[in-house]
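J.: Below is one structure. I have some questions about it.
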Amino acid sequence: MSHSDTIPLHPSSQSDIDEIENLINASVHQSVPSARPPSPPRASIPVSVSVSTAPSPFISSNLPPPPPLPKSSVSAVTPSPPPPRPGIATSGFGPAPNTLTEPVWDTVKRDLSRIVSNLKLVVFPNPYREDPGKALRDWDLWGPFFFIVFLGLTLSWSASVKKSEVFAVAFALLAAGAVILTLNVLLLGGHIIFFQSLSLLGYCLFPLDVGALICMLKDNVIVKVVVVCVTLAWSSWAAYPFMSSAVSPRRKALALYPVFLMYVSVGFLIIAID
Amino acid sequence: MMSGNYTSIDSQKVSGSVPTFPPSGAQGKIGGGSRHPRDVDDTFSKPVSGSDEPQQQSGWFKAFSLASYKPYFDVDTIDVLDRIKDSLYPFNGTFNEKTASHPDLYGPFWICTTLIFVAASIGTFVTYIAHKLKDQEWNYDINLVTWSAGLFYGYVTIVPLCLYVILKYFSVPSGFVQLLCLYGYSLFVFIPALCMSVVPLEIFRWMVAGVAGFMSATFVALNLRAHIMSAGERWVLIVASIFVLQLALAVALKVCLFTVTV
């Protein structure tokens, strides 16, 4: 291709390219010396004749248009499509994971491991952790559902009369309570993810579940009161960092009081149901 | 090579100037400051449906959005505590004026919820003690929770709603949220009253219920009196009925929750 076939770049465009190149070279020279000589001067951009009727920014040529090429030559010029790239699965990373066809046991194991890892954040809470608001980023609702149902069942087993009513009230209190507490924080202007908050409040029931189980086995009022007080403090301590970090300091008490009230009412049910 | 496909403009006699890009005045895009394109619009400055800014909703849909209730929860801990303190001094009669510009629903809702829990738990404890003192078998009644929930939530919603309609009829309209706020805080006095009802003396329980009912009724009546007086001669009747209703609530609490039959 001869030089007469091309037009040089506009000076301002060339200057932009040079500027970028200088910046790159400067950054490279600061750290590692150049391993090869600087790139040769830029080739000029060829300008093809536009066949379309759209107005071109360039002045139309006085020369007659070139003779049309035969079909064979046109097809020869068109580049062939690139070969298909090998998929990730065939390029050394192994087959892509497919959760639809995996065994049910694998799915259950994965969900259980997630519940256990989330539970660790609650069972061993750290109020001084760096970002308590980001607790349970990998939230799920299986854990809370299990703990709510378990607590309802434990209370209904403990009850001597109206077992079904006890389960219904306990389940409704816990499920509706978690939703209302989350809405309360949102209405107070707190920054909170709805389902993440539901998940956390459900996981915080775990100590009370343990307390309910102990109280079902030990039919002694004093033991019940002591166990419930300990598990209540544990649950409240677990929920405190997350709920308090969600709202402004002036509204901390307004966000935490309802949480404490719900856990106290659950604790009372554990003691009262005989 | 493929010279047939390209046209040289070197040899042409070009009249005029070829449009250039970028414009000659442009500095380098990296070092120099970039300018906004001339045809820029405010498409990206407008909130989109997924953005944090609440969208203006019309009609009934507004009732289902969280943003429409946020102004009624725009209170701090100090504000709520001050309003609770005001509710314990019923003879001031300034509560309605203080909250007129900024009524809240946080206090009424959580005071009601606390009352439900306290009523159910203290009621249970009272019956438990009564049965144990007479060495009789005792079973927990879960219906105490549902009954107290129905009583308090029902009272704090239906009574202000009826009063709102009545005041509208007499052309002295008051804000519904303001009435909810007033009635909600008026119930706070029943929390310590219920706690004192643990004492197993029937006369003492009646006294506590009477004092709490009187304080609550006075608080509501005095705060609404100034507003209702413009309703003409009927204002006395309205205030009296408000007073009696609050006393009736106190009596209902005593009879339903603290009258133990062993």
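The values are calculated or read from the model by the stated rules, or taken from the named source; none is laboratory data. As the structure is a computational prediction, the values presented were derived from the model and not from experiment. Cβ sites come from the backbone with ideal geometry, for glycine too, and all protein chains shown count toward neighbours. The protein model used for the area step is the full one, side chains on, heavy atoms only, and it has no ligands, DNA or RNA in it. Shrake-Rupley method; radii C 1.70, N 1.55, O 1.52, S 1.80 Å.
J.: Report, by residue number, each residue of segment A:150-176 that is assigned to a helix (DSSP H, G or I), within 8 Å of chain B (Cβ to nearest Cβ) and farther than 19 Å from B:Thr113 by Cβ.
T.: If the condition is that a residue be assigned to a helix (DSSP H, G or I), within 8 Å of chain B (Cβ to nearest Cβ) and farther than 19 Å from B:Thr113 by Cβ, then A:Glu165, A:Val166 are the ones that fit.
J.: Out of (1) free of Cβ contacts under 8 Å to residues at least 12 places away in the same chain; (2) under 23 Å from B:Tyr69 (Cβ atoms); (3) of a type outside the set (Lys, Arg), what's the single condition that is false for A:Leu200?
T.: Result: A:Leu200 passes all but (1).
J.: Okay, next question. Condition check: farther than 21 Å from B:Ile191 by Cβ and in a helix (DSSP H, G or I). Does A:Pro258 satisfy that? Even if it seems obvious, please write down each step before you answer.
T.: Values: farther than 21 Å from B:Ile191 by Cβ: no; in a helix (DSSP H, G or I): yes.
Answer is no for this residue.
J.: What are the pairs, 6+ residues apart or on separate chains, where a residue within segment B:72-98 that is more than 14 Å from chain A (Cβ to nearest Cβ) and open to solvent by 30 Å² or more (accessible area, probe 1.4 Å) has its Cβ under 7 Å from a residue that is at pLDDT 85 or above and part of a loop (DSSP other than H, G, I, E, B)?
T.: Close Cβ pairs (under 7 Å, with a partner that is at pLDDT 85 or above and part of a loop (DSSP other than H, G, I, E, B)) amount to B:Leu88/B:Val189.
J.: Only one of these conditions is not met by A:Thr101: (1) at pLDDT 75 or above; (2) under 29 Å from A:Ile270 (Cα atoms). Which number is it?
T.: (2)
J.: Of the residues A:Val226, A:Val185, A:Val266, which is under 25 Å from B:Val118 (Cβ atoms) and within 22 Å of the chain's Cα centre (by Cα)? Walk me through it before giving the result.
T.: Values: A:Val226 fails: within 22 Å of the chain's Cα centre (by Cα); A:Val266 fails: within 22 Å of the chain's Cα centre (by Cα).
Only one candidate qualifies: A:Val185.
J.: Return the residue satisfying two criteria in turn: it lies in segment B:161-181 and is at negative phi and among the small types (Gly, Ala, Ser), and of such residues it is most open to solvent (accessible area, probe 1.4 Å). Can you show your working first?
T.: We begin by selecting, within segment B:161-181, every residue at negative phi; these are B:161-170, B:172-181.
Add one more test, that the residue is among the small types (Gly, Ala, Ser), and what stays is B:174-175.
Working: B:Ser174: 10, B:Gly175: 35 Å².
Residue satisfying both the conditions and the ranking: B:Gly175.
J.: Scan segment B:132-160 for residues that are away from chain A (no Cβ under 14 Å) and either of a type in the set (Asp, Glu) or open to solvent by 80 Å² or more (accessible area, probe 1.4 Å) (or both) and jot them down.
T.: Listed by number, the residues that qualify are B:Leu133, B:Lys134, B:Asp135, B:Ile158.
J.: If you don't mind, another one. Which residues, counting only those in segment A:153-177, are aliphatic (A, V, I, L, M) and open to solvent by less than 10 Å² (accessible area, probe 1.4 Å)?
T.: The first filter runs over segment A:153-177 and keeps only residues aliphatic (A, V, I, L, M), leaving A:153, A:155, A:159, A:161, A:166, A:168-170, A:172-176.
A:Leu155, A:Ala159, A:Val166, A:Ala170, A:Leu174 - these are the residues of segment A:153-177 that are aliphatic (A, V, I, L, M) and open to solvent by less than 10 Å² (accessible area, probe 1.4 Å).
Here's the yes/no breakdown for (1) modelled with pLDDT of 70 or more; (2) buried (at least 18 other Cβ atoms within 10 Å of the Cβ); (3) touching a Leu at 6+ places or on another chain (Cβ under 9 Å); (4) under 20 Å from B:Leu161 (Cα atoms):
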| residue | (1), (2), (3), (4) |
| --- | --- |
| B:Ala221 | yes, yes, no, yes |
| B:Gly232 | no, no, no, no |
| B:Val236 | yes, no, no, yes |
| B:Ala240 | yes, no, no, yes |
| B:Val244 | yes, no, no, yes |
| B:Ala248 | yes, no, no, yes |
| B:Val251 | yes, no, no, no |
| B:Leu257 | no, yes, yes, no |
| B:Val262 | no, no, yes, no |
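J.: Turning to a different aspect of this structure: Taking segment A:203-232 on its own, how many of its residues are in a helix (DSSP H, G or I), without any contact (Cβ under 8 Å) to a residue 40 or more places away in the chain and open to solvent by 60 Å² or more (accessible area, probe 1.4 Å)?
T.: 6
J.: Sticking with this one: Can you tell me which residues in segment B:105-131 are under 13 Å from B:Ser197 (Cβ atoms), open to solvent by less than 20 Å² (accessible area, probe 1.4 Å) and not aliphatic (A, V, I, L, M)?
T.: B:Ser121, B:Gly123, B:Thr124
J.: Residue by residue through segment B:131-182, note down the ones that are closer than 22 Å to A:Ala159 by Cβ, part of a helix (DSSP H, G or I) and touching a residue at least 12 places away in the same chain (Cβ under 8 Å).
T.: Residues satisfying the conditions are B:His131, B:Leu144, B:Val145, B:Trp147, B:Ser148, B:Ala149.
J.: Moving on to the next point. Any residue at all in segment B:206-215 that is assigned to a helix (DSSP H, G or I), crowded, with 20+ Cβ neighbours inside 10 Å and modelled with pLDDT under 85? Reasoning before the result, please.
T.: Step one: filter segment B:206-215 for residues assigned to a helix (DSSP H, G or I), giving B:206-215.
Imposing the further condition that a residue be crowded, with 20+ Cβ neighbours inside 10 Å reduces the set to B:208-209, B:212-213, B:215.
Now restrict to residues that are modelled with pLDDT under 85: none.
Scanning segment B:206-215 turns up no residue that is assigned to a helix (DSSP H, G or I), crowded, with 20+ Cβ neighbours inside 10 Å and modelled with pLDDT under 85.
J.: Taking the options A:Val264, A:Val223, A:Val179, A:Val230, name whichever one is among the hydrophobic types (A, V, I, L, M, F, W, C) and at the interface with chain B (Cβ under 10 Å from one of its Cβ atoms). Outline the logic, then answer.
T.: Working: A:Val223 fails: at the interface with chain B (Cβ under 10 Å from one of its Cβ atoms); A:Val179 fails: at the interface with chain B (Cβ under 10 Å from one of its Cβ atoms); A:Val230 fails: at the interface with chain B (Cβ under 10 Å from one of its Cβ atoms).
Matching residue, one of A:Val264, A:Val223, A:Val179, A:Val230: A:Val264.
J.: Additional query: Just give me the residues in segment B:130-158 being aliphatic (A, V, I, L, M), in contact with a helix residue (DSSP H, G or I) (Cβ under 9 Å, 6 or more places away or on another chain) and modelled with pLDDT under 90, in sequence order.
T.: The first filter runs over segment B:130-158 and keeps only residues aliphatic (A, V, I, L, M), leaving B:130, B:133, B:142, B:144-145, B:149, B:151, B:156, B:158.
Adding the requirement that they be in contact with a helix residue (DSSP H, G or I) (Cβ under 9 Å, 6 or more places away or on another chain) leaves B:142, B:144-145, B:149, B:151, B:156.
Answer for segment B:130-158, where residues must be aliphatic (A, V, I, L, M), in contact with a helix residue (DSSP H, G or I) (Cβ under 9 Å, 6 or more places away or on another chain) and modelled with pLDDT under 90: B:Ile142, B:Leu144, B:Val145, B:Leu151, B:Val156.
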